[in-house]
Amino acid sequence: MKKLLAIAFLSLGLAMAQSIAEITRQVQANMERSPWEATVTGKVQLPDGSTQEADFRLQVIPGKEQLARVEFKKPAALEGNFVVISDKEVWNYLFLTNQLIIQPRAKARIEGLGFNLTDLGDFEELTQRVTLRLLGEQNTPAGPAWRIGGAPKDASLGFASMEILVLKSDPRPLSITLRDSSNKVLADLNLTNFRRANLTPQTLRKRPADAEVLRRN
């Protein structure tokens, strides 16, 4: 009997592993079809510990270019800032000082946040840095969604756990929640107004011509 139960649990574990692998494959294939953009809103915790409203635009060119741009409207401390993320480096533009800080992607963070969101537009990279598991399903205003939980493989991401809702009918993230080791919410973000867009690398890399460029290793 114990042997049968062990086989049953093993089979269930394999089925869940196959399910999460298939879901991530579907999401990545869908997100790589063409450039896209979305509005990201919700709450984020800033480095000083305060929680504020978030509102920013996310633009992504998938595939060989693999380029993403994040433009901040809220929180107020980040208004006017933008971030450009490529496979090799991250540009942080700081509006108040008119500075563009360029760092290797492996070491970069988004300035002004206490956690790392540089993989938000790259689901494949996210799955490589976070161990994911399928938690179940949930109904949302957009339709049924998969609930996916995750834990970072190293502490550099600045959070201890993650939960993502992925729309089943059009596999793409609907929301993302990040928590610290004491289960406090660091970010609770919703992705809305998703649409395919005619984006170019030149558009995503646009920056003020007079910005001071600083490179950090």
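The values are calculated or read from the model by the stated rules, or taken from the named source; none is laboratory data. Note that the structure is a prediction, hence the values are computed from the model and not measured. A quick note on method: Cβ atoms are made from the backbone with ideal geometry, for glycine too, and the neighbour counts reach across all protein chains shown. SASA here: full protein model, heavy atoms, side chains in, ligands and nucleic acids out. Shrake-Rupley method; radii C 1.70, N 1.55, O 1.52, S 1.80 Å.
Taking a 27 Å limit on the Cα-Cα distance, which of the listed pairs K64/K153; K88/K153; K43/K153; K153/K184; K43/K168 fall beyond it? Beyond 27 Å: nothing from the list. Close amide H partners of L186, meaning residues 5 or more places away or on another chain with modelled amide H under 5 Å apart, are L178, R179, D180. The heavy atoms of D210 present about 120 square angstrom of accessible area, all protein chains included, probe 1.4 Å. For region 20-36, backbone phi angles converted through the Karplus equation (6.51, -1.76, 1.60; θ = phi - 60°) give residue-by-residue couplings of 5, 5, 5, 5, 5, 5, 5, 4, 4, 4, 5, 6, 8, 4, 6, x, 8 Hz, Gly and Pro being listed as x. For the residues F194, F95, a 1.4 Å probe over the protein chains yields an accessible-area ranking, largest first, of F95, F194.
Loop-resident trypsin sites (Lys or Arg not before Pro) (DSSP state other than H, G, I, E or B) in region 26-68 with no more than 11 further Cβ atoms inside 10 Å of their Cβ: R33, K64. In order along region 40-53, the Karplus-derived 3J(HN,Hα) couplings, from 6.51 cos²θ - 1.76 cosθ + 1.60 at θ = phi - 60°, round to 10, 10, x, 10, 9, 9, 8, x, 7, x, 6, 9, 9, 5 Hz, and Gly and Pro are given as x.
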